[in-house]
Amino acid sequence: MKENIKLTVSILWSQVASLFFVLLLVSGLVSLVLGEKTDAIIIFSIMLVNTGLGLFQEFRASRASEKLMKLVQNKVYVMRGGALVQILSTELVLSDIVHLVAGSVSPVDLEVTESQNALVDDSVRTGETLPKKILAGEKFFAGASVASGKVIGKVIALGKESSISEYRSKLESVKKWSSFDIFSNRLIKYIFIISFFTLVVSMFLLVFVLGKYSIAHFFIFAIALLVGVVPEALPLIITIILSRESVMLSGSKVIVKRLSSLQGLGALQFLLTDKTGTITENKLKVSVVKDRGHFWETSNTISEGEYERPLMDNAYDDALNSSVGKLKTSTKKIDSFVPYKSEVGYEIFTLDGGERIARGQAGKVLDICKPVPDDIKRSALAYELKGMRIIALAEAKEDKWDFVGYVAFEDPIKPTAAESLREAHQKGVLVKILTGDSEAVAANVAEELHLISHPDNIISFDTTKVTDLSDAELARAVVFAKCTPENKLELIDRYLKIGPVAFLGDGINDALALKRADIGIAVDNASDIAKESADVILLEKDLSPILSGVSMGRRALRNILTYIMYTLSGNAGTFFSLLVASFFYPTLPMLPIQILLNNLLTDLPLMLIITDKPDEYALRHVPHYDPKKIMKRVFIFGILSSVFDLIYFQLYKHASVASFQTGWFILSVLTELALVLSIRSSRPILKSPAVSMPLAIGMFISSALPFIFVYVNSLSKVFKFTMLPFTEIMALFGIVAVYIACNEIAKHFMRRKNLYNKPAPLLPIFKYDRI
């Protein structure tokens with residue numbers, strides 16, 4: 001209950017702490033002071049509708065995200081009641097006995113009670129990248145991971161008392177920024193400043209020079225104009241669009257934690273990802289077996305034997321058995337077992353007949369054998385250079401070791417990886433693969449991904465620094481070899497200066513990078529702190545769901561930009577028209593409450609823009625929200641709208657005040673709704689995609705509502721409308737038709753002046769004919 005209240009208060013504050021809300025509030029309060037109670041009621045009603053709908057959408061989206069996040073919480077094994085059980089890391093208490101195996105990350109500080117040949121990676125805290133041996137009695141700090149072996153420890157600190165709290169503080173100091181939020185805030189503030197300055201000049205002329213208004217009445221007029229020009233429904237429209245897309249994405253195994261990250265995915269230009277698990281299958285597979293004698297019999301003796309089997313032994317045996325099928329040929333048993341030690345390089349099995357088997361690193365095993373032909377050593381080295389893991393076997397009956405053979409394991413490239421990279425490339429998303437492997441391994445990966453052999457495609461950080469790379473080299477590079485956690489942060493900072501960046505990571509060391517990127521992406525089995533730092537959670541580590549997110553984010557962003565263009569253009573036209581009318585006409589062509597009703601009626605159908613299908617041509621490239629180009633288009637559409645308003649003013653300047661205001665109200669609503677047809681695509685109306693049925697119905701209803709407000713007597717009295725003759729209504733429809741034609745002509749010239757973005761030319765990276 002307390003969490004729901006806290007969430008509600010947080011969302012409410014985000015709704016009311018905005019320029020739109022403040023403008024409406026001030027306008028309503030001033031109307032009350034001046035005795036305009038009806039105006040105040042209408043203004044406050046609009047405030048409640050916007051705030052209520054926004055609260056509902058945000059609360060529902062947040063609750064859905066929290067429910068989904070419960071599916072991907074970190075779990076640990078702990079001794080409870082004499083049994084080993086799996087619990088959530090948040091349920092740990094002091095003195096719990098925790099069991100960690102290779103790959104596990106400790107969520108709390110432990111005192112090691114038992115270490116089974118364990119090596120620990122504590123690079124998050126110490127900055128040292130090489131794993132170190134840990135012994136019983138030593139401390140295992142939160143955030144450290146088990147590189148190999150097994151650790152059993154007692155919980156000695158958790159929560160704010162654990163060593164990870166310092167790292168969390170460092171994470172919290174990294175400010176997440178959204179390029180779209182910066183763009184929209186700048187755009188709105190820019191419009192507001194221009195409008196405010198214009199109104200100050202107008203007040204001086206109209207109040208103090210011409211004396212047409214009192215200060216109080218001009219203030220109401222000015223507030224109404226500001227409310228009219230600023231897109232007050234923008235936060236609500238954005239929330240509705242993003243909520244719908246995030247719910248749809250959950251079906252594609254993508255959980256959106258932060259709604260605004262969808263906008264970032266839509267504008268994404270660079271995706272930085274680790275190689276393992278995303279590009280490769282993260283599963284050992286036998287590539288080559290070099291049998292120098294009885295390799296399979298010796299291997300089967302180990303795989304079918306009983307001993308305290310480490311995780312990597314299971315991985316080796318599973319890969320071997322799956323390559324030929326489990327043979328069940330072993331006739332000997334394992335009497336004793338000496339586990340693998342890094343300084344030795346192999347493990348030793350003693351059989352019931354006294355024979356011994358050594359299994360481990362090829363170089364270490366070859367060193368203990370009698371002279372082995374050079375071609376064996378060369379072939380093993382060649383496979384290692386390709387990034388394969390070479391495991392060799394040797395056998396001894398006394399003290400003489402005989403080389404039995406070796407097996408080359410590979411982590412194969414996913415069958416879909418090359419096609420996914422190509423798809424991302426064609427969408428304008430440049431994927432950058434980060435790996436700690438050597439340049440030779442990176443070259444092998446590049447070959448399997450069908451990259452063109454080009455010196456700039458692969459960059460190794462053992463010979464190059466990030467600071468030495470130009471923007472062109474960064475854009476061209478695909479694989480970065482010998483990449484450290486520090487290099488990841490440096491790369492993200494460099495790419496952020498070029499365009500929006502997403503980073504896919506899952507380790508503790510990736511948390512800062514996830515927080516720093518525009519969009520941090522983690523997988524469900526990532527470390528707890530990595531998932532906390534991420535904006536998006538993948539239930540499957542693959543590029544495909546990310547590309548689905550890019551497509552949906554792009555669609556959402558296109559619809560949001562359509563709404564921004566639509567509402568700013570229409571409101572700008574109304575602003576210009578009212579300002580001109582205040583100088584040259586004896587009365588206001590539209591009352592403040594009529595302006596607010598106009599905004600409400602024209603905004604309502606745009607809530608259904610989430611159902612509209614953007615132009616496929618536009619979705620094929622990254623949308624660039626260039627404020628200058630957008631402002632130029634807004635200015636052109638706004639001036640064109642204002643020209644038709646002025647034509648109406650001239651045609652009906654002798655009509656009564658009520659008729660004049662009613663006619664312009666109807667015309668204004670109809671022209672703004674018609675503007676949607678031109679705004680939603682850069683192509684001509686007849687070549688644009690058909691308007692979705694829900695949006696078409698919404699536009700039809702909003703076009704009919706002005707006539708209901710005018711011809712229903714009780715409503716017309718509230719808003720001070722009067723009935724218009726049939727001939728004038730038909731004339732208004734004629735003006736709207738000409739207005740649509742002029743918008744299309746204006747679009748033609750805007751296309752010629754490159755005010756609409758076009759897809760950027762693709763870099764020649766892939767051998768397309770080989771995919």
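Odds and ends about this structure:
- Whichever aspartates and glutamates have a C-alpha closer than 15 Å to that of Lys139, once near sequence neighbours (fewer than 8 apart) are set aside: Asp96, Asp109, Glu111, Glu114, Asp121, Asp122, Glu161
- Rounded accessible area of Lys139 (nearest 10 Å², 1.4 Å probe): 130
- The fraction of accessible area contributed by carbon and sulfur in the stretch 562-610 is 83 percent, rounded to a whole number (1.4 Å probe; ligands and nucleic acids excluded).
- Of Ile685, Ile391, the order by accessible heavy-atom surface (1.4 Å probe, DNA, RNA and ligands excluded), from most exposed downward, is Ile685, Ile391.
- The stretch 685-771 - accessible surface per residue (Å², probe 1.4 Å): 60
- Note on Asp493 and Leu32: their simple-model spin labels are 5.1 nm apart, each label 7 Å out from Cα toward Cβ.
- Taking other residues whose beta carbon is less than 9 angstrom from the beta carbon of Gly405, and scoring Lys, Arg as +1 and Asp, Glu as -1, yields +1.
- Cα centroid of the stretch 341-385 to Cα centroid of the stretch 631-699, whole Å: 80
- Here the accessible area of the stretch 616-762 is 71 percent carbon and sulfur, with a 1.4 angstrom probe and all protein chains present.
- Computed accessible area, Glu490, all protein chains, 1.4 angstrom probe, square angstrom: 80
- Projected label points at Asn757 and Glu111, each 7 Å from Cα along the beta carbon direction, are separated by 5.8 nanometres.
- Tensor-based shape of the stretch 318-417 (alpha-carbon gyration tensor, a/c under 1.5 rounded, otherwise prolate or oblate): oblate
- When each of the peptides 605-616, 238-249, 90-101 is scored by how many other beta carbons lie within 10 Å of its residues on average, the order from highest to lowest is 238-249, 605-616, 90-101.
- Accessible surface, per residue, of the stretch 252-346 when the full set of protein chains is kept, probe 1.4 Å, Å²: 48
- The stretch 538-665 - accessible surface per residue (Å², probe 1.4 Å): 32
- Whole-percent carbon and sulfur share, accessible surface of the stretch 244-372, 1.4 Å: 49
- Listed residue pairs exceeding 24 Å between alpha carbons, taken from Lys653/Lys717; Lys189/Lys720; Lys414/Lys497; Lys613/Lys747: Lys189/Lys720; Lys414/Lys497
- Solvent-accessible area of Asp462 with every protein chain in place, 1.4 Å probe, in Å² to the nearest 10: 100
- Largest first, the residues Tyr77, Tyr406 sort by 1.4 Å accessible area into Tyr77, Tyr406.
- Order of exposure, largest accessible area first, which applies to Val479, Val201 with probe 1.4 Å: Val201, Val479
The values are calculated or read from the model by the stated rules, or taken from the named source; none is laboratory data. Since we're looking at a predicted model, the values are computed, not measured. Because the Cβ atoms are built from the backbone with ideal geometry, glycine has one as well, and the counts that use them run over all protein chains shown. Side chains are part of the model used for accessible areas, which takes the heavy atoms of the whole protein and leaves out ligands, DNA and RNA. Shrake-Rupley method; radii C 1.70, N 1.55, O 1.52, S 1.80 Å.
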